[in-house]
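Asker: What follows is a single structure, and I will ask about it in a moment.
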Amino acid sequence: MKEKILILEDEIGIRSFVSINLKREGYDVIEAGTGQEAIEKMNSESDISLALLDVMLPDISGIEVCKYIRQNFDQIGIIMLTAKAQEDDKIEGFISGADDYIIKPFSIKELLFRVSALLRRIKKDTNNSSNSKITSPPFLLDLDKRKLFKNSQEIELTPTEFSIVKYLMTNAKQSLSRDQILDEVWGTNYLYDFKIVDVNIRRIRNKIEDDPSKPKYIQTVWGYGYCFRKEE
Ligand code: CA
């Protein structure tokens with residue numbers, strides 16, 4: 001079955017160019033020119049796998065659309081298309097709900113690579129029928145059902161968050177560098193920025209830590225990466 005991708009971009013030239021190239025790669029493409037239109041299409045098209053969201057739009061911003069998708073469709077991959085030369089803190093805002101981001105102007109080759117890498121990640125984890133579980137009280141990670149539980153309560157994770165948690169829990173007590181996390185989860189480290197790792201970790205901490213400002217389970221290894229602390 002063809003993977004369905006939503007492209008939200010108000011500049012018709014860019015939108016058509018991306019759309020044509022995605023179709024040529026064998027994807028089904030749904031186009032939207034405004035945030036409102038994107039939200040409507042998310043609801044009317046049931047099986048969208050991935051959304052490419054421009055940030056600067058005439059109506060509601062791509063960030064709002066990203067938040068809406070995250071709240072309503074947990075399993076969809078999101079890549080933000082951000083303008084060039086944004087300040088760091090702004091970029092963090094843009095990508096706070098996303099799996100990845102790409103800075104304009106981008107090469108179509110790079111965009112296609114990132115799309116296929118994200119789709120692979122979503123599928124890899126969905127098709128994983130290892131039928132195994134990782135227990136680390138108070139957590140239980142069900143690899144088969146792709147679910148994380150804390151004290152038997154399910155914690156909703158995006159595909160990217162799930163992949164990170166799985167990698168950290170599988171390698172509990174080991175310090176994993178941001179490069180290693182990028183390689184494992186995003187498929188390569190050379191195209192990506194550490195920031196995408198950090199924002200995802202922050203998001204996971206908000207979901208799993210008792211006090212996200214004093215993380216107990218996912219600890220920062222300064223200047224290096226992260227470590228999942230297993231309680232004895
Ligand atoms: Ca725009």
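The values are calculated or read from the model by the stated rules, or taken from the named source; none is laboratory data. What you see is a predicted model; the values in this text were computed from it and never measured. With ideal geometry, Cβ positions are generated from the backbone for all residues, glycine too; neighbour counts draw on all protein chains shown. For accessibility, only protein heavy atoms count, side chains too; no ligands or nucleic acids. Shrake-Rupley method; radii C 1.70, N 1.55, O 1.52, S 1.80 Å.
Asker: For a test of the definition: using alpha carbon positions, the gyration tensor, and the 1.5 limit on a/c, classify the chain as rounded, prolate or oblate. Present the calculation step by step, with values, prior to reporting the outcome.
Answerer: Working: a/c = 1.85, a/b = 1.61, b/c = 1.15.
Judged from the Cα gyration tensor, the chain comes out prolate (a/c at least 1.5, a/b above b/c).
Asker: Any idea how far apart LYS123 and SER175 come out in nm if each label point goes 7 Å out from Cα toward Cβ?
Answerer: Here the modelled spin labels are 3.7 nm apart.
Asker: Further question on the same structure: Taking loop as defined by DSSP and a crowding limit of 13 other beta carbons within 10 Å, which GluC sites (Glu not before Pro) in segment 101-196 fit?
Answerer: Here the GluC sites (Glu not before Pro) that fit, given the DSSP loop and packing criteria, are GLU156.
Asker: Okay, moving on. Per 0.36 nm of contour for each residue apart, how much would the distance between TYR224 and LYS4 grow if the chain were fully extended, relative to their Cα-Cα spacing? Intermediate results must be reported in sequence, preceding the final value.
Answerer: Numbers: separation 220, 0.36 × 220 = 79.20 nm, distance 3.66 nm.
Difference between extended and current length: 75.5 nm.
Asker: Hey, with R₀ at 35 Å, roughly what FRET efficiency would SER16 and GLU154 work out to, going by the Cβ-Cβ distance, to 0.05?
Answerer: 0.30
Asker: Quick check: pseudo-label points 7 Å beyond the Cα along Cα→Cβ at LYS216 and LEU191, how many nm apart are they?
Answerer: 3.9
Asker: Moving to a separate point now. Give the cross-link partners of LYS207 among the aspartates and glutamates, using a straight C-alpha distance below 15 Å as the criterion and excluding same-chain residues fewer than 8 apart.
Answerer: Answer for LYS207, where 15 Å is the Cα cut-off: ASP74, GLU154, GLU156, GLU161, ASP198, listed by chain and number.
Asker: Okay, next question. Can you sort GLU209, GLU40 by 1.4 Å-probe accessible area, starting with the largest?
Answerer: The ordering from most to least exposed comes out as GLU40, GLU209.
Asker: Could you compute how much accessible surface PHE139 exposes when probed at 1.4 Å, giving the result in Å² to the nearest 10?
Answerer: Probe radius 1.4 Å; accessible area of PHE139 about 10 Å².
Asker: May I ask you to compute the full-extension gain from GLU231 to LYS147, defined as 0.36 nm times their residue separation minus their alpha-carbon distance, rounded to one decimal in nm?
Answerer: On the way: separation 84, 0.36 × 84 = 30.24 nm, distance 2.00 nm.
Fully extending the segment from GLU231 to LYS147 adds 28.2 nm.
Asker: State, as an integer percentage, the relative contact order of the chain based on alpha-carbon contacts under 8 Å between residues 6 or more apart.
Answerer: 13
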